[in-house]
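Worksheet: the structure to be examined is printed underneath.
The values are calculated or read from the model by the stated rules, or taken from the named source; none is laboratory data. In this text the structure is predicted, and so the values were computed from the model without any measurement. Don't worry about glycine lacking a Cβ; one is built from the backbone with ideal geometry, like all the others, and counts go over all protein chains shown.
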Ligand SMILES: Cc1cc2nc3c(=O)[nH]c(=O)nc-3n(C[C@H](O)[C@H](O)[C@H](O)COP(=O)(O)OP(=O)(O)OC[C@H]3O[C@@H](n4cnc5c(N)ncnc54)[C@H](O)[C@@H]3O)c2cc1C
């Protein structure tokens, strides 16, 4: 294998996203292992500025794929443009981040080649012959091979470090000429959830978060009592807010809020990657879980293996006593 | 409006899981299975659309005999009929092989809309619905947190990161994957469970669907899993042991010494 390894760059308000620079790290690693070349593609109606940002990061060529139809992301637009680029450039591996863009576009592109995609990978061996990913909410990992090319891959955010600036690659403008009608989705707008102003987890010093295993809105009281005793805020994993036990603004994680309190207590939360990314930067992390294998323990400073319905009330009592309210 | 809902039977979220002898998948004996949580939201979305107008909801699954249970759940909850791809030739497939089989079954329904859960809670591959859309040549959108009918099709709010959403319009027919929390799924009533017994459940084999058995199931797969294992653990933190009260006291001490918040 000595073809091209193509990184699909994502931008946010014109800036190249950090996760895209993580992909470039992987692309460079794969290029070195296979004797191939690391390339990147920026798609848009005006992609040259972002392509120029990427060009100084150790890739040989950055394709600035330009078309009025690529002004906003659509699955059809991205798949059609990348299909053409790949056909003309001889690409063996295409790398996306496992983001709302990546999981939407990558399988669509692999389908063009009648192949499954390799989704949410966290490691690679043998120059792209063996890929590793997690399953069952991080409980297990599995290694995979794909019999066929190209390998269309989505990479978990944070699995590779962002690349350093290095060298100066070429920016190559490509006019892709999408036919009108080729894009069936019509982008309307991007919206942000309105903040209620009632809770502000992002600036909280103390957060006590509960998970699915609390079991009901009523039982969530034990989490609230501990948060009150500490003078902190209540956080939650997604199933809690999905079920309506708490409003969405309490949800910590990739599709909720990223928090960085001095103290984060996670009770009955397994530690799925989407939760971890939202709280791992907390100053001091306490995890309570009855499963000693729970991935949450890997990011915890203090691990308590036990039943939250015993531990949490005992802790509330001890905190109140320590503060002289007991 | 004819709506297909693709569903999968997965291990219950609190099942005690172990790895099989080949290290390719979990040991499936002795655990409980149920409807993939993401699919419950997809089913509810289909039933809501049906409630708002008229139409038919067809539940489709690919899986062994035991997977009939999730179709029964769908029928009892309000789906009108079901298709179960349970022939041996369909089993053990990768996402492409599965999407190919599902597409053949879905073509027989000629739906206006195909709804799927965002991902399966077991393998979390999050790709079969998009492959399916590719095979059916339908446009798709993933991670819907809102689906609305429009004159020309549907308007979908896709969930992005950090509490943002992307609004897109799609024509019909299309394939949409649904995120958890989009709605409040209903549960089957006793009446629904009784009614489900009279509803149709088809079990076509590859020949019925006009597909070559070598293209589906394990034979048609090119993505292979091996060496399944518990991931190497990063060095975790200090483990506190003792009675709940002892642990609580030790923890108060740690919080005092390390955080400055007490
Ligand atoms: C695109 C996408 C975005 C997502 N965004 C987010 C997000 O922003 N935030 C988020 O949190 N999730 C998010 N998720 C969901 C995520 O993948 C997990 O499903 C979720 O975090 C699991 O929540 P949980 O830990 O509460 O539940 P589970 O994974 O079911 O874990 C429950 C835990 O409780 C433990 N337990 C059970 N009983 C007890 C007891 N009595 N005492 C102590 N421990 C007990 C169990 O051992 C288990 O570890 C997202 C998923 C996707 C696909």
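Could you tell me whether segment A:250-271 includes any residue that is assigned to a helix (DSSP H, G or I) and within 9 Å of the ligand (Cβ to nearest atom)? Show your work before the answer.
Residues of segment A:250-271 assigned to a helix (DSSP H, G or I): A:250.
Applying the additional criterion that residues be within 9 Å of the ligand (Cβ to nearest atom) yields none.
There is no residue in segment A:250-271 that is assigned to a helix (DSSP H, G or I) and within 9 Å of the ligand (Cβ to nearest atom).
Quick check: is even one residue across segment B:76-88 within 13 Å of the chain's Cα centre (by Cα) and either at pLDDT 95 or above or crowded, with 23+ Cβ neighbours inside 10 Å (or both)? Before you say what the answer is, go through the steps one by one.
Taking segment B:76-88 and keeping what is within 13 Å of the chain's Cα centre (by Cα), we get none.
Checked against the condition, which is being within 13 Å of the chain's Cα centre (by Cα) and either at pLDDT 95 or above or crowded, with 23+ Cβ neighbours inside 10 Å (or both), segment B:76-88 yields no hits at all.
Being within 16 Å of the ligand (Cβ to nearest atom) and buried (at least 17 other Cβ atoms within 10 Å of the Cβ) is true for just one of B:141, B:196. Which residue is that?
On the way: B:196 fails: within 16 Å of the ligand (Cβ to nearest atom).
Result of the check over B:141, B:196: B:141.
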Could you list, in sequence order, all residues of segment B:156-191 that are more than 16 Å from the ligand (Cβ to nearest atom) and farther than 23 Å from residue B:109 by Cα? B:167, B:168, B:169, B:183, B:184, B:186, B:187, B:188, B:189, B:190, B:191
Restricting to segment B:211-262, name every residue that is touching a strand residue (DSSP E or B) at 6+ places or on another chain (Cβ under 7 Å) and on the phi > 0 side of the Ramachandran plot. B:227
Over segment A:202-212, the set of residues within 13 Å of chain B (Cβ to nearest Cβ) and either at pLDDT below 95 or more than 14 Å from the ligand (Cβ to nearest atom) (or both) is A:202, A:204, A:205, A:206
Can you tell me which condition residue A:85 does not meet? The list is (1) assigned to a strand (DSSP E or B); (2) closer than 22 Å to residue A:39 by Cβ, and all the others hold. (1)
Some residue of segment A:249-266 being facing another protein chain (nearest Cβ under 7 Å), crowded, with 20+ Cβ neighbours inside 10 Å and closer than 21 Å to residue B:247 by Cβ: yes
From B:136, B:125, B:170, B:160, residue being farther than 27 Å from residue B:26 by Cα, touching a strand residue (DSSP E or B) at 6+ places or on another chain (Cβ under 8 Å), facing chain A (nearest Cβ under 8 Å) and in contact (Cβ under 8 Å) with a residue 24 or more places away in the chain: B:170
Based on what the data block shows, is residue A:244 within 14 Å of the ligand (Cβ to nearest atom), at positive phi and either in the same structural domain as residue A:208 (by TED's automatic domain parsing) or part of a helix (DSSP H, G or I) (or both)? no
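Of the residues that sit in segment B:89-122 and are part of a helix (DSSP H, G or I) and more than 14 Å from chain A (Cβ to nearest Cβ), which one is farthest from the ligand (Cβ to nearest atom)? Don't jump to the end; show me each part of the working.
Start the filter on segment B:89-122 by keeping residues that are part of a helix (DSSP H, G or I), which leaves B:89-90, B:95-107.
Filter once more, so that each one left must be more than 14 Å from chain A (Cβ to nearest Cβ): B:89-90, B:104-107.
On the way: B:89: 30, B:90: 26, B:104: 27, B:105: 25, B:106: 23, B:107: 28 Å.
If we take residues in segment B:89-122 being part of a helix (DSSP H, G or I) and more than 14 Å from chain A (Cβ to nearest Cβ), then B:89 is farthest from the ligand (Cβ to nearest atom).
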Pick out, from segment B:1-56, the strands (runs of 3 or more DSSP E) lying fully within it that include 1 or more residues that are within 16 Å of the ligand (Cβ to nearest atom) and within 18 Å of the chain's Cα centre (by Cα). B:9-11, B:33-35
All but one of (1) modelled with pLDDT under 95; (2) within 11 Å of another protein chain (Cβ to nearest Cβ); (3) more than 9 Å from the ligand (Cβ to nearest atom) hold for residue A:295; which doesn't? (3)
Being closer than 19 Å to residue A:186 by Cα, more than 9 Å from every other protein chain (Cβ to nearest Cβ) and either within 16 Å of the ligand (Cβ to nearest atom) or in contact with a helix residue (DSSP H, G or I) (Cβ under 9 Å, 6 or more places away or on another chain) (or both) narrows it down to one of B:72, B:86, B:146, so name that one. B:146
Per-region count, segment A:157-194, residues within 12 Å of chain B (Cβ to nearest Cβ), surrounded by fewer than 12 Cβ atoms within 10 Å (Cβ to Cβ) and either closer than 26 Å to residue B:162 by Cβ or modelled with pLDDT of 95 or more (or both): 3
